[in-house]
Every structure is written in C-alpha cells, then in structure tokens.
Amino acid sequence: MVMLPPEGAQDHGFAISDAIDIPVLLRSGPARRPRRKHWEGARTPWATTTSVPPNGWYLATTSWRQILKAATEVGRDLDPWLALTPHLAISELVARISPLHAYLCLKDVKTPTAGAAGRRLFVNAIYRHGTERSAQSAFGYHLGMTMAQWICAGMMGVGPTQHIEAGGPNGDPGFLQSSNPLPDLWGTHPVGPLHWLIEAKARRLIGVGDLNEGMKQLHGGSDLMNGHPHLQVLCGTSLPAPWEWEKDHLFMTVDTMHVPGTPIQANGPAALPTDPSGDPEAHLADDDDALLLTTQSQMLAYRALACGTVEDLRIVPLSSARAERPRSRTGSLTSLEDDEDTQAARRRLADDPPATEQQLRGRPGVADFIAGRIPGTGTHVGMSRRLFSACRRLDALKIEAAREEEARRGPQAVRSDAFWDEEMLEAASRAERISYRQYERRTGDRRATVRAGFAQGEDLSWMALLGNRVPPVGWRRAGLLEGATAETYIAVEASDPVLRGRQG
C-alpha cells in the first residue's frame, strides 16, 4: 500500500473568511440607474484609500468586519439622554448590527478578476417573504447609513463622521436649528477637501428620483457652509427588486460634487496634516480636533465596555506597532491574521502566557486593548487604553451637560400620546438637543480634556479605568476574526449569521 499522496494532490483545509466584493460606481452627480451588466461586470480593483478615486466602476473587496465596524460607528446622536442612561448603549449597538444579521446573506458568484473574494451581499428570504414593507424601509435606513460610513470612512479615508443633528462643520448653529432638509452626516478628511457632507440612501431599485431627493438635502447643508469649500457625497445603496431578489446583489453609487468657496479664515478650523496614508488616526498624537472626533465616534463602545453590559470582557494583546496597521485596499481595518507584528507578539506571549494585567504590562512590543462581546450579536468591540481614558474624560463632561439640561428643564408633565403628535415630538426633541449642545460647548474645553485623558491613559491600570473591575487577559478564541486600527478593535465570531455556512 502506497502511503504517500499521489503527485499533485492538494490538502484542503477549512477556514473562516469574511471577504466580500461590493460593486461601486463613482460619478460626478446623480444619473439613471445602472444596468445589471454594469454592476455585475465591475472588475477594476478599488484604486485608493486616501481620497475619492477617479470616476468609473470598481469592485471593492473588503471584509464583513469592516462593514460591521461601520455599523457600530454611524447613526443618530443619542446624547444627552444616553449620558444619563449608559447601560442602554448596548441596546443601540444591537439595534445597529442586528438588522444586517436579520436580512443579509453571502452568496458565491463568479470571480471576475484575480484577487476578488467571489462573494457578494444579497438580501435573504426573510427580507423578501417575512418582512413587512415598513420594516424593509427601516432596514433601508440602517443599511444606507452603514454603507455610507463604510465607503466614506472605511474606504475613502474620511475621518469619524458625526450625525448632522449633533451640529455641522465650523460650529454653525444653523445645523442644529434648521428645520429644512439636511444631509445625514459630515466628516473631515486628512487630505482634502477638508469637510465632507454625506447623504445616505438605500432603496429597492434605487433610481435618480431617490438620489435627487438626497441632493436637495446636500444643498441644504451647503447653504450653511458660509462659503467654505467642501465635498458633497451622495451614497446610494441598491437593494433588489422583489422579483429579482435571488439574482440581484447589493451595489453602490457614490456621487461626489466639489463645492468651491472662499478660503477658510485664519480663525476657522485648520486643515489636518497631510499624510500619504490618508488615515485620521495617524494624527491623534498631535491633532486635538482629530482626537476629539475619534473619541466621540467611540462613545457607544466605551459606554458598553465601561458599564459592564458586554460579555467576555477581557484584555487583548496586540502589537504596539500601531503605525504598522495602515490602511489597505480592503479598508481602514487591519485583519489581525495578516498583522505579522501582532502574530509575532502573541507567539512570544504563548511561551509564558500572562493571566493578569500586571503580568502583561511591560512585555516588549505589546499594547493591551480592552474588548467585550455585544450580547446576541457575536460581534466584539474594543479600544486601546489611551483611547478608553480619553472617552472616560469626555463622558464626564457629557454627564455634566446632561444633568445641567435636566435641571434646567425641571419636572416634565406627563401628557397622553393623543396630545403629542409626531411633529410636536420632533420639535420638542430638536429644542432639547439644541439646548444641550449649546451648554455642552460651554462646559470645559473638550479638546483639552480629551487630550489629557489620552495622555494619562498609559499610566492608569485597567482596574482604575474600569471602576475596580479586573478583566483577565485573553486572546485565544476559536473561530474569531479580529481586526484593529491604531486605537480600535473589532472581532466577528464564526456564528455570525451572515458568515455561517460560508466556511471553506
């Protein structure tokens, strides 16, 4: 009996992969809906992660981790009340992730070009047959915001976005007070144009009519820019027609329009340092505005970790070579299985495994992040020690502002639902947000506070930062796909509904 394998035989193992291809059309303004042959035939790899690529069709290969990271970082701003009810941060994270799990799936498709994943996102049978129209519309909102964040922040290098309800660029109060249609988000790019106004749309068979509605919202935001140059970005995510749901996969159109204007005045916002990586996190050590925006973007994850509502809270060792986790063609997130520095650091730790923070501190080449699982989602979020400390200091300011707003309003009379119609509720909510934001901006120097927390973080223990909780050190989790930026962490379990069954 011959015990050696025959010549040419291959050993097929099984591995978890979350690589995804998403067709994206870059244009200079809304136009008619593309034909199937265009988005099915997209084959040019994503060209850059530092700015807006030239117009044309691209096949952007990314990861499910990158998309879930976008979902956790985009949405309506929930201050001031979330500052006083931090345990509900976990509920908001579940609300942002769960719709993607409920209605999306991965399917294999013919790979049009080398290097592509050969898998694309489709809606599943629950979306098509088990979901009412109103729920499909709500899903369109979540998906549209997630995909806009993914393409802008994950793939084109814009910094952390903010919901327009929290105020717009340049501190213009009109963004808080306007009752006119406005875009969903705004962000700052480290290369330029400095400010981006972003509108997200997701519809079945999205067409030029839907996109023209988004243009009106972008124009409403541009009217408040006081003549400063900026970029309008209209992100359209197309869901399939009901009769084509088995065949049509998701694709995106991104319409970008540069709005010229007068140069920004000396007392206006300064441009971030130009960096060839186009990564806003590269400037956190020396740019207070970039640090503040990054800190604000992680407040939901911070509150979930700080308030004890996550599962499997633990210290995760990563490489301390943060600059070695640069942006790549697949996005801003570095897959840790491809991070040689982190893998080498963990191999060294395996020779003498640390069980506690004290045993881990001081090990060469290691940075310790905190991480935990969002219940019911199979998604883990985390961040570095110094970013956690910055979030902790910012949260103290937000709590102070929320309590002041609560005291200013005084006891609220209980009214029946019949008395409050939707427009009245929205007007009352907008008035409260305006009052809170105005007070928040007067409460201490947020930039200086966040900078102090960021600088102090490396000197504080996790026990001190977490209110005397003592998390264990742990990184060996079977079937866990991990990713990190310089200061943030995310991981996805193999049981993720979108990934389940796609192992091979």
**Message:** Can you tell me how many residues within the range 157-178 are part of a loop (DSSP other than H, G, I, E, B) and either over 20 Å from Lys201 (Cα atoms) or not polar (S, T, N, Q) (or both)?
**Reply:** 9
**Request:** Residue by residue through the range 47-99, note down the ones that are farther than 23 Å from Ser332 by Cβ and among the charged types (D, E, K, R).
**Result:** Asp79
**Prompt:** Quick one: in the range 100-156, which of the residues that are of a type in the set (S, T, N, Q), assigned to a helix (DSSP H, G or I) and free of Cβ contacts under 8 Å to residues at least 40 places away in the same chain is surrounded by the most Cβ atoms within 10 Å (Cβ to Cβ)?
**Reply:** Ser137
**Request:** Kindly indicate the residue of the range 463-476 that is in contact with a strand residue (DSSP E or B) (Cβ under 8 Å, 6 or more places away or on another chain) and surrounded by fewer than 17 Cβ atoms within 10 Å (Cβ to Cβ) and also farthest from Phe369 (Cα to Cα) among those meeting that condition.
**Result:** Arg469
**Asked** Does at least one position in the range 68-76 carry a residue that is more than 30 Å from Ile434 (Cβ to Cβ) and without any contact (Cβ under 8 Å) to a residue 40 or more places away in the chain?
**Response** no
**Request:** For the range 366-379, indicate whether the set of residues that are closer than 26 Å to Asp445 by Cα, among the aliphatic types (A, V, I, L, M) and part of a strand (DSSP E or B) is non-empty.
**Result:** no
**Item:** Residues (at pLDDT 90 or above and under 24 Å from Trp462 (Cα atoms)) located in the range 323-343
**Value:** Leu336, Asp341, Thr342, Gln343
**Asked** Under the condition of being under 18 Å from Leu78 (Cβ atoms) and in contact with a helix residue (DSSP H, G or I) (Cβ under 9 Å, 6 or more places away or on another chain), which residue from the range 401-428 is modelled with the lowest pLDDT?
**Response** Arg409
**Prompt:** Is there any pair linking a residue in the range 313-325 that is on the phi > 0 side of the Ramachandran plot and part of a strand (DSSP E or B) to one that is crowded, with 20+ Cβ neighbours inside 10 Å and basic (Lys, Arg), with Cβ under 8 Å and at least six apart or on different chains, and which?
**Reply:** none
**Message:** Step by step: first the residues of the range 47-88, then only those that are in a helix (DSSP H, G or I) and more than 15 Å from the chain's Cα centre (by Cα), then the one that is surrounded by the fewest Cβ atoms within 10 Å (Cβ to Cβ). Which residue is that?
**Reply:** His87
**Asked** When Glu246 is evaluated against the numbered criteria (1) within 20 Å of Asp21 (Cα to Cα); (2) surrounded by 14 or more Cβ atoms within 10 Å (Cβ to Cβ), which criterion, by number, is the only one it fails?
**Response** (2)
**Prompt:** Looking at the range 241-263, which of the residues that are among the aliphatic types (A, V, I, L, M) and over 15 Å from Ser222 (Cβ atoms) is modelled with the lowest pLDDT?
**Reply:** Ala241
**Request:** Among the residues of the range 328-358, write down those that are farther than 23 Å from Ser63 by Cβ and either part of a helix (DSSP H, G or I) or in contact with a helix residue (DSSP H, G or I) (Cβ under 8 Å, 6 or more places away or on another chain) (or both).
**Result:** Arg347, Arg348, Leu349, Ala350, Asp351, Pro354, Glu357, Gln358
**Asked** Does Asp351 count as surrounded by fewer than 23 Cβ atoms within 10 Å (Cβ to Cβ) and either free of Cβ contacts under 8 Å to residues at least 24 places away in the same chain or under 17 Å from Val492 (Cβ atoms) (or both)?
**Response** yes
**Asked** For Ile97, all conditions in the list (1) of a type in the set (A, V, I, L, M, F, W, C); (2) in contact (Cβ under 8 Å) with a residue 12 or more places away in the chain; (3) under 24 Å from Tyr58 (Cα atoms) hold save one; what is the number of the exception?
**Response** (3)
**Request:** Would you please name the residue that is nearest to Gly159 (Cα to Cα), looking only at residues in the range 293-327 that are buried (at least 24 other Cβ atoms within 10 Å of the Cβ) and more than 20 Å from the chain's Cα centre (by Cα)?
**Result:** Leu318
**Message:** Here's a check for you: in the range 165-202, which residue that is more than 26 Å from Ser435 (Cβ to Cβ) and over 19 Å from the mean Cα position of the chain (by Cα) is modelled with the highest pLDDT?
**Reply:** Leu194
**Item:** Enumeration of residues in the range 104-131 that are over 19 Å from the mean Cα position of the chain (by Cα) and under 22 Å from Gly376 (Cβ atoms)
**Value:** Cys105, Leu106, Val123, Asn124, Ala125, Ile126, Tyr127, Gly130, Thr131
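The values are calculated or read from the model by the stated rules, or taken from the named source; none is laboratory data. Quick caveat, the model's predicted, so the values are computed rather than measured. We place every Cβ from the backbone using ideal geometry, glycine too, and count neighbours over all the protein chains shown.
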